[in-house]
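In what follows, a single structure is set out as structure tokens and then discussed.
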Amino acid sequence: MPLVLNDEQTMLRDNARGFLSKNAGIAHLRQLRDSRDETGFSRKLWKDFVEMGWAGILIPQNYGGLGLGHVEAGVVMEELGRTLTPSPFLSTALIAASAITHAGNEKQKSHYLPKIAAGELIATLAIDETSKHRPENIALTATRSGAGYALKGAKTFVVDGHVADLLIVAARTSATPGETKGLTLFLIDSKTKGVNAERTPMVDTHNSARITFDNVTILADAVLGKIDEAWEALEGALNVGRAAIASELLGAGEEAFARTVRYLRERKQFGRLIGEFQALQHRAANLYCELELTRSVVLKALQTLDESFANAGAIVSIAKAKAGATATLAVQEAVQMHGGIGMTDEFDVGLFMKRVRVGQELFGDANFHADRLARLSHY
Amino acid sequence: MSDLETFRKDTKAWLEANCPAEMRQPPRSEDDTCWGGRRWKFQSDAQRVWLERMAEKGWTVPDWPREYGGGGLSRDQLKILRQEMRALGCRSPLDSFGIWMLGPALLKYGNEEQKHEHLPKIARGEIRWCQGYSEPGAGSDLASLQTRAEDKGDNFLVNGSKIWTSYADRADWIFCLVRTDPNSPKHSGISFLLFDMQSPGVSTKPITLISGASPFCETFFDDVLVPKHNLVGTLNKGWEIAKYLLTHERDMIGGMGSTSDSRSLGQSAAESVGLENGVLGDTVLRSQIASYEIDAAAFRLTMERAGDLAKVGQAHPAISSLLKYYGTELNKRRLELTMSAGGSDALEWEGEKSREGFTARAWLRSKANSIEGGTSEVQLNIIAKRILGLPGA
Ligand SMILES: Cc1cc2nc3c(=O)[nH]c(=O)nc-3n(C[C@H](O)[C@H](O)[C@H](O)COP(=O)(O)OP(=O)(O)OC[C@H]3O[C@@H](n4cnc5c(N)ncnc54)[C@H](O)[C@@H]3O)c2cc1C
């Protein structure tokens with residue numbers, strides 16, 4: 001498949017860009033932050049997303065979705081990154097919807113997917129337990145109890161965790177932390193007794209929560225996919241999340257870069273535009289190259305998820321690692337090349353730095369993915 | 001079956017039937033690749049046969065028009081041919097500056113007579129070309145070149161000297177930038193000339209590189225007569241051709257960043273350094289290699305995307321500067337890591353075991369990648385100015 005967007009995808013990008021720059025954007029993020037908004041995103045904006053079909057972008061048409069692919073999902077994520085828009089698009093429309101579509105049984109799919117597509121359900125994957133992403137180290141236990149299971153443990157860095165109606169929880173049903181076998185996914189109503197979500201406000205003002213499970217008892221039909229063998233489904237959902245975040249990082253990095261280049265053409269010192277200084281020109285040119293490389297590999301990762309979902313692991317890791325590193329460079333250069341004004345809260349580039357730091361960490365940072373790639377390549 | 005699928009099937013079958021076994025081994029030295037020319041000595045029968053068969057099909061220059069000795073392939077067909085050649089491990093049948101640089105420039109700027117005269121000989125590997133651009137005083141600032149060509153009626157009279165002229169001592173002809181109007185501003189008095197290296201007054205003096213090889217020369221022109229019909233394009237308008245040719249040179253050099261080595265650097269490091277619990281014994285080297293592999297994969301995909309963008313008319317004209325800059329820096333990184341992984345073995349300079357210092361020499365040679373064809377700094381200048389629109393670059 002050619003590494004360019006087709007006409008429909010280009011149209012989607014243009015529409016998303018137009019819509020978000022008008023209805024979301026940095027002012028929107030600031031407003032949520034400064035009013036200490038309890039939801040952490042705008043329900044009204046989410047309703048608009050639903051109307052445009054975005055909440056069901058990956059959901060098959062027979063479950064009420066648009067049935068589009070990961071490339072389209074990435075196109076929207078990139079625009080969300082460009083505008084730093086908080087929304088449940090990642091947690092609900094992409095990761096949760098994908099997990100249920102791929103691993104769910106018919107009953108689960110027809111129960112949950114139409115609700116997600118209709119914007120009636122916020123759902124999220126609860127995976128990390130330690131401050132670094134180590135999915136095979138899951139220690140939260142689910143033990144057999146009566147007709148179902150009892151869950152004990154805690155999750156952290158759960159995206160939209162304090163507002164989610166449905167939690168997809170990765171739990172250990174056998175084997176020991178460090179092993180990829182013995183894991184099971186559960187679909188848990190967030191209002192179930194013993195579930196406690198505590199919002200953990202983050203540096204970037206996007207939603208994150210710590211969730212404790214205090215002997216939460218659930219019925220056996222809450223199992224999503226195979227018992228003890230959830231690794232593949234979990235990896236699938238994580239890969240969707242990783243590729244999506246890589247797209248968001250690309251969007252955020254490009255926007256920070258575009259603002260920087262604009263500033264280089266505007267700001268004068270020593271009687272010259274600072275963009276005339278070769279020291280800055282070369283750093284900007286190098287960053288441009290890094291962004292172009294990132295665009296190529298992110299698009300390839302999204303295409304691979306569409307064409308060969310089960311074999312996307314390596315390319316997704318490459319994309320996430322590259323996007324994390326490039327976006328990090330982009331925001332660092334943005335702040336540095338803006339000088340003092342770049343350090344002020346009033347000026348926007350700092351907000352890009354904050355979001356990129358979180359995106360870099362989410363679902364594995366560049367180091368995690370470099371290590372994963374090396375393992376996949378046997379060295 | 002679609003046309004392209006049929007083409008793939010036929011191509012594969014043809015390559016299997018026609019590519020000699022020996023030509024499916026990776027080249028082990030520079031001479032393993034055929035460069036053609038009047039004085040070329042074939043390494044083996046297989047090398048000769050492979051060139052003849054490919055030239056016969058026009059596949060030494062697969063995308064050139066058939067009337068000039070090319071294969072007339074479309075972009076998609078070319079991609080398939082390359083993929084199938086890579087899959088079988090086929091060597092390139094012919095490498096040359098004629099193919100990479102002069103050919104594309106002649107196709108665009110040459111007159112019919114020049115195209116018919118020179119292109120088929122490039123395609124068949126009969127004439128080997130060298131590039132007379134750089135001079136002692138004109139490197140990055142190429143347009144300040146001083147070699148003069150004076151109008152003498154039917155001929156130009158060329159005087160001056162070039163430097164770093166790769167393979168000047170083995171080349172048959174030269175494409176050469178000369179100053180034809182010393183009074184106009186530096187970019188506008190330059191012309192693009194072709195002439196035979198055996199013309200009276202041409203001499204060369206090889207220069208040895210840090211790799212020990214001697215692939216380039218000082219080249220001197222002492223009252224060389226060049227017939228006027230060997231002027232390409234318009235008099236004093238050679239700079240445009242020179243720049244166009246450079247974009248092709250840059251694509252070619254940048255392409256080195258995407259190696260044809262099917263084994264990953266990590267895997268070969270695993271052999272030399274060893275694994276501990278399934279991971280490379282040197283964990284710092286391991287992370288450097290992994291981050292190299294990530295960039296290398298992203299670069300390969302960027303080469304591919306650049307081709308796809310060109311096809312739909314969306315490629316930025318200065319994209320070759322990106323490919324040149326990133327590809328060559330990447331190749332240097334690869335060879336630094338190869339040296340690290342190889343340890344003291346990689347330092348051996350002579351002897352059978354090291355294949356006469358193959359790794360060390362390749363490492364040293366790679367340092368030229370970011371200099372030849374316009375330095376990395378020059379590429380960054382071009383990106384800053386032409387793509388980012390930064391002032392005063
Ligand atoms: C292996 C090899 C093969 C070659 N083959 C050929 C050939 O076949 N034909 C041919 O014509 N030439 C050939 N060259 C020459 C090559 O194109 C020149 O070496 C190159 O253009 C640089 O010119 P220079 O060596 O004069 O370096 P200089 O231009 O003197 O550069 C010295 C340093 O200054 C930097 N610099 C210069 N200008 C700027 C600027 N504006 N901004 C920032 N930094 C700057 C450069 O990047 C470099 O780091 C070859 C070179 C090599 C190494």
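The values are calculated or read from the model by the stated rules, or taken from the named source; none is laboratory data. None of these values were measured; they are calculated from a predicted model. When we count neighbours, we look across all protein chains shown, and the Cβ atoms used for this are built from the backbone with ideal geometry, even at glycine. Remember, those area values only see protein heavy atoms, side chains included, never the ligands or the DNA or RNA. Shrake-Rupley method; radii C 1.70, N 1.55, O 1.52, S 1.80 Å.
Considering B:354, B:376, the condition of being crowded, with 18+ Cβ neighbours inside 10 Å and either farther than 22 Å from residue B:213 by Cα or modelled with pLDDT under 95 (or both) is satisfied by B:376 alone. Pairs meeting the criteria (first residue in the range B:140-151 and within 17 Å of residue B:377 (Cβ to Cβ), second residue part of a loop (DSSP other than H, G, I, E, B) and within 11 Å of the ligand (Cβ to nearest atom), beta carbons under 8 Å, at least 6 apart or on different chains) are B:140/B:374; B:140/B:375; B:142/B:133; B:142/B:134; B:144/B:137. When you check residue A:364 against the structure, is it out of contact with any Ser or Thr (no Cβ under 6 Å at 6 or more places or on another chain) and open to solvent by 10 Å² or more (accessible area, probe 1.4 Å), yes or no? Judged against the criteria, residue A:364 is not a match.
Applying the set (1) open to solvent by 40 Å² or more (accessible area, probe 1.4 Å); (2) part of a helix (DSSP H, G or I); (3) farther than 22 Å from residue A:246 by Cα to residue A:108 leaves exactly one unmet item: (1). Does residue B:253 meet the test of being within 20 Å of residue B:318 (Cβ to Cβ), touching an Asp or Glu at 6+ places or on another chain (Cβ under 9 Å) and hydrophobic (A, V, I, L, M, F, W, C)? Spelling it out, residue B:253 is indeed within 20 Å of residue B:318 (Cβ to Cβ), touching an Asp or Glu at 6+ places or on another chain (Cβ under 9 Å) and hydrophobic (A, V, I, L, M, F, W, C). If you go through the range A:134-185 and keep only what is closer than 25 Å to residue A:205 by Cα, open to solvent by 10 Å² or more (accessible area, probe 1.4 Å) and touching a Ser or Thr at 6+ places or on another chain (Cβ under 8 Å), you end up with A:154, A:156, A:157, A:159, A:163, A:165.
Filtering B:250, B:286 for residues that are under 26 Å from the mean Cα position of the chain (by Cα), buried (at least 20 other Cβ atoms within 10 Å of the Cβ), over 26 Å from residue B:88 (Cα atoms) and within 14 Å of chain A (Cβ to nearest Cβ) leaves a single hit, B:250. Residues in the range B:359-372 that are more than 6 Å from the ligand (Cβ to nearest atom) and open to solvent by less than 40 Å² (accessible area, probe 1.4 Å): B:360, B:362, B:364, B:366, B:369, B:370.
Looking across the range B:117-136 at every residue that is within 16 Å of the ligand (Cβ to nearest atom) and among the small types (Gly, Ala, Ser), the one that is nearest to residue B:100 (Cα to Cα) is identified as B:132.
Residues in the range A:276-288 that are closer than 21 Å to residue B:316 by Cα and within 16 Å of the ligand (Cβ to nearest atom): A:281, A:282, A:283, A:284, A:285, A:286. Would you confirm whether or not the range A:239-257 contains a residue that is at the interface with another protein chain (Cβ under 10 Å from one of its Cβ atoms) and within 17 Å of residue A:351 (Cα to Cα)? The answer is yes, given that some residue of the range A:239-257 is at the interface with another protein chain (Cβ under 10 Å from one of its Cβ atoms) and within 17 Å of residue A:351 (Cα to Cα).
For the range A:50-70, a residue qualifies if it is in a helix (DSSP H, G or I) and surrounded by 24 or more Cβ atoms within 10 Å (Cβ to Cβ), and the qualifying residues are A:54, A:55, A:56, A:70. Among the residues of the range B:334-344, are any within 16 Å of the ligand (Cβ to nearest atom) and open to solvent by 30 Å² or more (accessible area, probe 1.4 Å)? Within the range B:334-344, none of the residues are within 16 Å of the ligand (Cβ to nearest atom) and open to solvent by 30 Å² or more (accessible area, probe 1.4 Å). Looking only at the range B:68-82, which residues are outside any loop (DSSP other than H, G, I, E, B) and touching a residue at least 40 places away in the same chain (Cβ under 8 Å)? Matches in the range B:68-82: B:68, B:75, B:76, B:77, B:79, B:80, B:81.
Just one of the listed residues (A:124, A:130, A:101, A:92) is open to solvent by less than 10 Å² (accessible area, probe 1.4 Å), not in a strand (DSSP E or B) and not aliphatic (A, V, I, L, M), and it is A:92.
Scanning the range B:266-281 for residues that are open to solvent by 20 Å² or more (accessible area, probe 1.4 Å) and either touching a residue at least 40 places away in the same chain (Cβ under 8 Å) or more than 14 Å from every other protein chain (Cβ to nearest Cβ) (or both) gives B:268, B:272, B:273. Selection of the range A:1-49 for residues being within 14 Å of chain B (Cβ to nearest Cβ) and in a helix (DSSP H, G or I) yields A:7, A:9, A:10, A:13. Applying the condition of being more than 8 Å from the ligand (Cβ to nearest atom) and either open to solvent by 30 Å² or more (accessible area, probe 1.4 Å) or over 25 Å from residue A:268 (Cα atoms) (or both) to the range B:380-393 and asking which residue is nearest to the other protein chains (Cβ to nearest Cβ) yields B:392. Where helices (runs of 4 or more DSSP H) sit wholly within the range A:261-379, those with at least 3 residues that are farther than 23 Å from residue A:25 by Cβ, more than 12 Å from every other protein chain (Cβ to nearest Cβ) and at pLDDT 95 or above occupy A:278-307, A:313-338. Checking each residue in the range B:121-136 for being closer than 26 Å to residue B:376 by Cβ and either acidic (Asp, Glu) or outside any strand (DSSP E or B) (or both) picks out B:133, B:134, B:135, B:136.
Can you find a residue that is within 20 Å of the chain's Cα centre (by Cα), at pLDDT 95 or above, within 16 Å of the ligand (Cβ to nearest atom) and in a helix (DSSP H, G or I) anywhere in the range B:303-322? Yes, because at least one residue in the range B:303-322 is within 20 Å of the chain's Cα centre (by Cα), at pLDDT 95 or above, within 16 Å of the ligand (Cβ to nearest atom) and in a helix (DSSP H, G or I).
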